[in-house]
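First the structure, in the form of structure tokens, and then the observations on it.
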Amino acid sequence: MRESVDDMNQNQQGAHVNLIYAEALEAFESIRRSYKIKGVYSHEETGILKSYERDKDVASWLKLHKVQWNEFQSNGVVRGRKNRQRWGVGWTEFMERPLDKPEV
């Protein structure tokens with residue numbers, strides 16, 4: 001990852017990417033001390049209880065600091081389902097959608 005970030009920094013005009021080695025809340029707090037965070041963009045985490053608990057803590061921190069969190073589904077997993085009825089249909093629909101083409 002370090003080489004990729006170094007390459008991006010060499011090719012950016014007027015922008016710089018920093019790497020922060022810390023737990024999520026420590027990283028956000030460190031960034032907040034120097035910058036106004038307007039929004040956070042990430043994929044929806046689908047993992048174990050520890051990552052779910054971290055996401056809840058991050059959501060609370062972002063809400064407290066009035067930061068908009070934009071999460072995007074990255075796979076066929078749908079969070080918050082009460083059961084698996086029609087799960088296969090939803091997975092197929094998600095996988096067959098056209099790819100997003102964001103403006104960068």
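The Cα atoms of the stretch 2-94 cover 49, 32, 22 Å along the three principal axes, with the biggest extent listed first. 3J(HN,Hα) along the stretch 65-75: 9, 6, 10, 6, 10, 10, 9, 10, 5, 10, 7 Hz, from the Karplus curve 6.51 cos²θ - 1.76 cosθ + 1.60 with θ = phi - 60°, whole Hz, x for Gly and Pro.
Using all C-alpha to C-alpha distances in the stretch 1-47, build P(r) with 5 Å bins and read off the rounded percent in each one. P(r) over the stretch 1-47, rounded to whole percents: 4, 16, 18, 23, 26, 10, 2, 0. Summing +1 for each Lys or Arg and -1 for each Asp or Glu among the other residues whose beta-carbon sits under 14 angstrom from that of Asp57 gives -2.
Multiply the residue gap between Lys50 and Lys63 by 0.36 nm, knock off their C-alpha separation, and tell me the result in nm, one decimal place. Could the numbers behind the result be given before it?
Working: separation 13, 0.36 × 13 = 4.68 nm, distance 2.00 nm.
2.7 nm is the gain from fully extending Lys50 to Lys63.
Between the helical axis of 2-11 and the dominant principal axis of the chain, each derived from Cα atoms, what acute angle in degrees is found, rounded to the nearest 10? With rounding to tens, the tilt is 60 degrees.
Counting only Cβ charges, +1 for Lys and Arg and -1 for Asp and Glu, the dipole size of the chain around its Cα centre is about 580 debye. Between the helical axis of 49-64 and the longest alpha-carbon principal axis of the chain there is an angle of about 60 degrees. Across the chain, the mean sequence separation of Cα contacts (distance under 8 Å, 6 or more residues apart), normalised by length, yields a relative contact order of 21 percent. If we count every other residue with Cβ under 14 angstrom of Arg32's Cβ, Lys/Arg +1 and Asp/Glu -1, where does the sum land? Net charge around Arg32: +3. Cross-link pairs exceeding 18 Å between alpha carbons, from the set Lys38/Lys63; Lys38/Lys66; Lys63/Lys101: Lys63/Lys101.
Laboratory data are not the source of any read-out in this text; all were calculated from the coordinates shown. Quick caveat: nothing in here was measured; it's all calculated off a predicted structure. Every residue, glycine among them, receives a Cβ derived from its backbone with ideal geometry; neighbour counts consider all protein chains shown.
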